[in-house]
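The structure under discussion appears below in the form of structure tokens.
The values are calculated or read from the model by the stated rules, or taken from the named source; none is laboratory data. On a predicted model such as this, the values are computed, not experimentally measured, just so you know. We place every Cβ from the backbone using ideal geometry, glycine too, and count neighbours over all the protein chains shown. These area figures cover heavy atoms from the full protein model, side chains too; ligands, DNA and RNA do not enter into them. Shrake-Rupley method; radii C 1.70, N 1.55, O 1.52, S 1.80 Å.
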Amino acid sequence: MFDNKPFIIAGPCSAESKEQMDSVAKHLCSNSKVNLIRCGVWKPRTRPGGFEGMGEEALKWIADIKLQYPNAAFAVEVAQPEHVELCLKYGIDSLWIGARTSGNPFSMEELSSSLKGTNIPLMIKNPLTPDVKLWIGAIERMANIGISDIAAVHRGFFLNNNYGYRNNPLWEIAIELKRSMPHIPLICDPSHISGNRAMVQSISQTAMDLNFNGLMIEVHPYPYNALTDKEQQLNFEEFDRLIDSLVIRENNTSSPYELEILRKKIDILDSELLSILSQRLDIVKQIAEIKINNNLTVLQLGRWQEVLNNRIDIAGNMGLSAEFTQKLLEHIHTESVRIQDEIMNKK
Ligand code: PEP
Ligand code: MN
């Protein structure tokens with residue numbers, strides 16, 4: 001199912017009423033670039049008491065709409081075997097497994113038992129935690145029961161610091177998934193990554209630039225009145241504008257000569273960077289020995305603050321942002337502390 005590139009999935013966060021779904025189908029079926037209409041029918045809510053979805057009633061609306069638009073295909077989120085059964089009963093074309101479910105191996109086992117023998121196209125969102133193995137495991141569980149049409153959906157990760165995103169994209173995790181499972185189409189969900197409609201376009205373009213296979217975008221006829229995720233849903237006009245604005249680049253393996261030269265330069269610089277880091281860590285090991293001999297603690301906060309300020313200054317003069325420099329140094333420092341700690345514990 002997911003062969004088209006870009007494969008576009010659009011639709012409301014939740015199916016709310018027959019009128020809303022009619023209007024969604026009418027608009028999205030007129031846009032030839034939309035391949036699949038999404039809507040949540042059972043909503044996983046963080047706290048109790050909110051709108052929890054229309055359940056089976058919404059599936060009846062979809063079955064009705066499919067009679068009117070025979071070419072339209074619909075996708076619904078499933079979290080329990082009963083959801084799967086009902087979706088199959090009403091002829092839903094594709095299912096997706098949400099971030100709260102894909103990270104739970106027990107739920108994935110239960111779902112895989114109910115999906116066995118169906119071969120319905122399936123999308124698996126990344127788990128809430130940035131653990132690529134958990135995501136790979138969820139996909140493997142479904143592939144193992146014979147589902148051959150599987151796509152992965154990158155919807156970001158909920159971290160302590162999300163840098164303005166609702167869910168931090170941590171693109172490197174999605175890239176690692178693609179590297180480990182190159183045959184699995186990778187779809188980006190910019191709506192749940194951003195959490196606000198202003199950022200949906202730029203995240204979508206980034207995903208296209210990173211050679212993702214498609215996008216899943218939340219679209220609602222009246223986002224301001226939506227019962228769930230109202231800040232991030234686009235109205236029809238915003239959605240059409242976004243789709244028209246997308247620049248789809250070539251992913252040709254034979255790249256222009258200039259690109260090859262620049263890539264060679266990057267290869268050389270990366271290898272120098274790694275060699276410098278390894279030299280730095282050798283010095284860290286020598287420092288650990290001196291600290292042991294003088295009974296000093298591994299972490300010396302004053303010194304660390306001084307290093308951070310000084311390097312941010314130097315990097316700033318070289319055109320590097322303070323945020324990037326700080327993150328880089330924090331990574332290096334964490335590894336230095338880990339190595340020193342290991343040496344001290346061995347003594
Ligand atoms: C959704 O797609 O509406 C949803 C609940 O997404 P996620 O599982 O990514 O939070
Ligand atoms: Mn949503």
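List the relative contact order of region 7-245 as a percent without decimals, with contacts defined as Cα pairs under 8 Å and 6+ residues apart.
Value for region 7-245: 18 percent.
Please turn the phi angles of region 200-209 into ³J(HN,Hα) values with the Karplus equation 6.51 cos²θ - 1.76 cosθ + 1.60 (θ = phi - 60°), one per residue in order, whole Hz, x for glycine and proline.
Running phi through 6.51 cos²θ - 1.76 cosθ + 1.60 with θ = phi - 60° gives 5, 5, 5, 5, 4, 5, 4, 4, 5, 5 Hz.
When we measure straight from the Cα of LYS89, which lysines land under 16 angstrom away, once same-chain ones fewer than 8 places off are left out?
LYS60, LYS66, LYS116
Could you look at the chain and say what percent of its accessible area is carbon and sulfur, using a 1.4 Å probe and all protein chains? Don't skip to the answer; put the middle values down first.
Values: 9910 of 18700 Å².
On the chain, the fraction of accessible area on carbon and sulfur atoms equals 53 percent.
Solvent-accessible area per residue for region 257-346 at a 1.4 Å probe radius, Å²?
78 Å²
Tell me, how many Å apart are the Cα centres for region 149-217 and for region 285-338?
Cα centroid of region 149-217 versus Cα centroid of region 285-338: 31 Å apart.
On a straight-distance basis, which lysines could pair with LYS230 in a cross-link, Cα separation under 19 angstrom, same-chain partners fewer than 8 positions away excluded?
LYS18, LYS43
Give the long-range amide H neighbours of VAL219: residues separated by 5 or more places, or on another chain, with amide H under 5 Å away, using H modelled in the peptide plane at 1.01 Å from N.
GLY11, CYS13, LEU234
Cα axis of helix 132-144 to longest principal axis of the chain: angle in degrees, 0 to 90, nearest 10?
For 132-144 against the chain, the angle is about 40 degrees.
Counting heavy atoms of the protein chains only and a 1.4 Å probe, report the per residue accessible area for region 167-223 as a whole number of Å². Show your work: numbers first, answer last.
Values: 1890 Å² over 57 residues.
With the other protein chains kept in place, region 167-223 gives 33 Å² per residue.
Select from region 1-105 those trypsin sites (Lys or Arg not before Pro) which occupy a DSSP coil region and have at most 13 other Cβ atoms within 10 Å, ordered by residue number.
Listed in order of number, the matching sites are ARG45.
Is it possible to state the helix-based mean residue ellipticity at 222 nm for the chain, with each DSSP H run of 4+ residues giving -39500 (n - 2.57), the sum divided by total residues, to the nearest 500 deg cm²/dmol? What is it?
-16500 deg cm²/dmol
In the chain, how does Rg compare with the Kirkwood Rh, expressed as the Rg/Rh ratio over alpha carbon atoms?
On the Cα set of the chain, Rg over Rh gives 1.06.
5 Å is the cut-off here: which amide hydrogens, built 1.01 Å from N in the peptide plane, fall below it relative to PHE74, excluding neighbours closer than 5 in sequence?
ILE37, ASP93, SER94
Could you run the Karplus curve 6.51 cos²θ - 1.76 cosθ + 1.60 with θ = phi - 60° over region 10-23 and give me ³J(HN,Hα) per residue in whole Hz, x for Gly and Pro?
Taking θ as phi minus 60°, the curve returns 9, x, x, 4, 10, 6, 10, 7, 4, 4, 4, 5, 4, 5 Hz for region 10-23.
Taking Cα atoms, how many degrees apart are the long axis of helix 257-293 and the longest axis of the chain, rounded to 10 and kept between 0 and 90?
50 degrees
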